Amino acid sequence: MSDTNERPDGPDRGIPDTGELAEQIEELERRSATASRLFDVRRLIGGLFVVYGLILVVAGAFDSDAEIAKAVDVRINLWTGLGMLALGLFFLGWQLLRPVRPPSAEELAEAMDGHQGKDRPDGH
Amino acid sequence: MHPLAAELRLDTNALDYVIMAMYFAVVLGIGFMARRSVKTSLDFFLSGRSMPAWITGLAFISANLGATEILGMAANSAQYGVYTTHWYWIGAIPAMVFLGLVMMPFYYGSKVRSVPEFLLHRYDRSAHLLSSVLFSFAAVLIAGVNLYAMAIVVEALLGWPEWVAIVVSAAVVLAYITLGGLSSAVYNEVLQFFVIIAALLPLTILALKRVGGWDGLSDTLTASRGSDFMTAWGGTSIGSDNPLGANWLTIVLGLGFVLSFGYWTTNFAEVQRALSAKNLSAAQRTPLIGAYPKIFIVFLVMIPGLVAAALVPEIGTSGSDLTYNDSIPYLMEQLLPNGMLGVAITGLLAAFMAGMAANVSSFNTVFTTDIWEPYVKRGQTDAYYLRFGRIITVIGVAASVGTAFIASSFSNIMAYLQTLFSFFNVPMFVVFIIGMFWKRTSVKAGFWGLLVGTVAAMLNYFWIYKQGVISIPSDQGANFVSAIVGFVAGAAAMLVVTPFTRPKSPEQLAGLVYGTRSPGMSEPPAVGDDAWYRKPALLGWGAIVLAALCYIPFSF
């Protein structure tokens, strides 16, 4: 890729120095699509845990005496279900209250100007 | 790897399978949804260096929380007792804090894409190539061993044939990493973290209740195993005898310093998560955020192990079908009703996939950026390396499936190879630490430090210990001593080679050595990162103090 400043002799021939590497990585960071196009994982964790929680709560409500006795007299499905439900709702709520902030026009322009891609807005 | 006892077959029903199936659907869904965010090779290998700290921090800990770790540490507890806490409080936390506070500015600030790439810039091509090739082999091997370990557990618990489990889980991991690259690996690790906790926490609580709480557990085991079994430091003075076969000095130096710093600070499967963070502050906080759950996870693996030892006093001996590794599956079978059972199996499968995926996603990065790009096909377009990264992922997963099948007939060789590779992390750490703090360290010292340190550690383990030249009471104890030997020998080699060989010029070392700076290290904090709870120093020292406090109840 950036072999333009290659030192013609010596054992380090062909190794980009750290400055060249940094330029190459910054260029890739500018073109990167992860920050702008990757979905928010909080929604997914929240959704799965809410569904798991509901399944377990329902299962727990119908647990037989034998099943409760197996779990040392604890309604473990019910309690775990409630716990998972709470965690799921926490993630959904967090995502609603603190959504990932979309980049403003100014910030986009700044990014286009070749300013380092370091301050990409990301409100997690 | 010992086959699990046949009576561990779980009484699963449709509900458990629904829970498992939903999990696999979500895991694959993450891969498909992450795909559209992969535009450059940097997106594929390092998530475009744009992840927030809480995500990379949880992925950092999840990548370590593979099922071999969970089942292995529970086994360790059933065998050695509360000594297991050393692998967490002294054997992980200080190293994680050191990585975040001291090393991360050099790693992240120099913008290297991998651990071997740092060696390329600090030393030369020979150190770079040696570490890249060994890391690639080790990653494929460990992924394969992980797959095989999973196949045995799944066969015992669910009755699936081994090959079905190997092929299905390899296909799932392959699909989501090829599609979404590191982003889907990291996202899945975050999800896995919570599923694993949801599986282990209820199991731990039920297990404790079953034996009459902590006091009941403590009384039973003190009566059957002696009072040292329930302490962290009992019987570890030098010269006295304890089941671990190690004294406080080898625990602190061998496990706490050399082995742990080697693993946590130079193992790319871990460091890669931090390198994908969105800025230097987030990269520094990655291992620090991971440190807090790490302090407490020990209870979720140790207590089930201890309870298994209390319920089945003859566990791990010829008097019982159960091996130490069966501790957690045994408790699942005894205590969990359908529903919760499905969550626990899902948690175990998630942990196996986490362990494998971390190795696959670090392997494809090192193979592409550290072997293929500099030494085989230079100067291609970025799209070429992105495509190559996907292809090598397929090849890497295929190779680890092959390794898994080989492991099923030659499991002793696999254990041997794993020990062999484990000795490579130790000199890696020597080479890093000396190279980072001593400017004069010469170009060639890196290669010789790696080589001499690795060979010395292996010689100590396989010749001096295994052949009985010096007697060390246990494999674990010998591991600690070998690590110290590798560290000292590697350091000595570097000290001898350096005066006779050429140093790097100061401008080549900018941002790679302590006391020098690179532009990447002086970025202003992002909005909100100056909040007190996001200060790396506070987070790091807080974790150290907390881990030290945790020792107190187990020390007297």
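Quick one: would you say B:ALA531 is among the aliphatic types (A, V, I, L, M) and surrounded by 15 or more Cβ atoms within 10 Å (Cβ to Cβ)? Taking the combined requirement at face value, the residue does not satisfy it.
For (1) at pLDDT below 90; (2) buried (at least 24 other Cβ atoms within 10 Å of the Cβ); (3) in the same structural domain as B:ARG36 (by TED's automatic domain parsing), each residue gets a yes or a no:
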residue: B:ALA138; (1), (2), (3): yes, no, yes
residue: B:ASN146; (1), (2), (3): yes, yes, yes
residue: B:MET150; (1), (2), (3): yes, yes, yes
residue: B:TYR176; (1), (2), (3): no, yes, yes
residue: B:ALA185; (1), (2), (3): no, yes, yes
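Of all residues in segment B:335-374, those being touching a residue at least 24 places away in the same chain (Cβ under 8 Å) and closer than 25 Å to B:LEU15 by Cβ number 19.
Restricting B:ALA309, B:ALA350 to residues that are surrounded by 24 or more Cβ atoms within 10 Å (Cβ to Cβ), closer than 16 Å to B:THR204 by Cβ and in contact with a helix residue (DSSP H, G or I) (Cβ under 6 Å, 6 or more places away or on another chain) narrows the list to B:ALA309. Taking B:LEU201, is it surrounded by fewer than 18 Cβ atoms within 10 Å (Cβ to Cβ) and within 14 Å of chain A (Cβ to nearest Cβ)? For B:LEU201, the condition - surrounded by fewer than 18 Cβ atoms within 10 Å (Cβ to Cβ) and within 14 Å of chain A (Cβ to nearest Cβ) - is met.
Scanning segment B:265-282 for residues that are within 18 Å of the chain's Cα centre (by Cα) and in a helix (DSSP H, G or I) gives B:THR265, B:THR266, B:PHE268, B:ALA269, B:GLU270, B:VAL271, B:GLN272, B:ARG273, B:ALA274, B:LEU275.
Condition (residue is at pLDDT below 80, touching a Ser or Thr at 6+ places or on another chain (Cβ under 6 Å) and either in a helix (DSSP H, G or I) or not assigned by TED's automatic domain parsing to the domain that holds A:GLY83 (or both)) applied to segment A:4-17: is it met by at least one residue? Yes: one or more hits.
Residue check: is B:PHE60 buried (at least 23 other Cβ atoms within 10 Å of the Cβ) and over 30 Å from A:ILE55 (Cα atoms)? Here the answer is no, as B:PHE60 does not meet what is asked.
Meeting the requirement of 2 or more residues that are closer than 21 Å to B:LEU249 by Cα and in contact (Cβ under 8 Å) with a residue 12 or more places away in the chain, the helices (runs of 4 or more DSSP H) wholly within segment B:49-103 are B:67-80, B:86-89, B:93-98. The condition (being surrounded by fewer than 20 Cβ atoms within 10 Å (Cβ to Cβ) and of a type in the set (Phe, Trp, Tyr)) is satisfied by just one residue among B:PHE432, B:PHE447, B:PHE437: B:PHE437. Filtering segment A:29-52 to residues that are farther than 19 Å from B:PHE193 by Cα and assigned to a loop (DSSP other than H, G, I, E, B) leaves A:SER32, A:ALA33, A:LEU38. Residues in segment A:52-83 that are acidic (Asp, Glu) and either facing chain B (nearest Cβ under 9 Å) or under 20 Å from the mean Cα position of the chain (by Cα) (or both): A:ASP63, A:GLU67, A:ASP73. Scanning segment B:5-44 for residues being touching a residue at least 24 places away in the same chain (Cβ under 8 Å) and either touching a Ser or Thr at 6+ places or on another chain (Cβ under 6 Å) or part of a helix (DSSP H, G or I) (or both) gives a total of 26. So, in segment B:447-458, of the ones that are touching a residue at least 40 places away in the same chain (Cβ under 8 Å) and touching a Ser or Thr at 6+ places or on another chain (Cβ under 8 Å), which residue ends up nearest to B:ARG502 (Cα to Cα)? By that ranking, first place goes to B:PHE447.
Summed over segment B:21-35, the residues that are more than 8 Å from chain A (Cβ to nearest Cβ) and crowded, with 16+ Cβ neighbours inside 10 Å give a count of 5. Summed over segment A:36-50, residues that are within 8 Å of another protein chain (Cβ to nearest Cβ) and touching a helix residue (DSSP H, G or I) at 6+ places or on another chain (Cβ under 6 Å) total 7.
Checking the stated criteria, B:ALA457 turns out not to satisfy the condition of being closer than 22 Å to B:ILE93 by Cα, of a type in the set (Gly, Ala, Ser) and under 23 Å from the mean Cα position of the chain (by Cα). Scanning segment B:279-312 for residues that are among the basic types (Lys, Arg) and either outside the structural domain of B:ALA63 (by TED's automatic domain parsing) or in contact with a Leu (Cβ under 7 Å, 6 or more places away or on another chain) (or both) returns a single hit, B:ARG285.
Taken across segment A:84-97, residues that are at pLDDT 90 or above, more than 30 Å from B:LEU182 (Cβ to Cβ) and within 9 Å of another protein chain (Cβ to nearest Cβ) do not occur at all. Listed conditions (1) assigned to a helix (DSSP H, G or I); (2) over 22 Å from B:GLY100 (Cβ atoms); (3) not hydroxyl-bearing (Ser, Thr, Tyr) are all met by B:GLY262, apart from (2). Among the residues of segment B:522-551, those identified as of a type outside the set (Asp, Glu), within 11 Å of chain A (Cβ to nearest Cβ) and in contact (Cβ under 8 Å) with a residue 40 or more places away in the chain are B:PRO525, B:ALA526.
Taking the criterion of being closer than 30 Å to B:GLU507 by Cα, touching a residue at least 12 places away in the same chain (Cβ under 8 Å) and of a type outside the set (Asp, Glu), the residues of segment A:22-60 that qualify are A:GLN24, A:ARG30, A:SER32. Out of B:ILE315, B:ILE289, B:ILE295, B:ILE328, one residue alone is at pLDDT 85 or above and within 14 Å of another protein chain (Cβ to nearest Cβ). It is B:ILE289.
The values are calculated or read from the model by the stated rules, or taken from the named source; none is laboratory data. None of these values were measured; they are calculated from a predicted model. We place every Cβ from the backbone using ideal geometry, glycine too, and count neighbours over all the protein chains shown.
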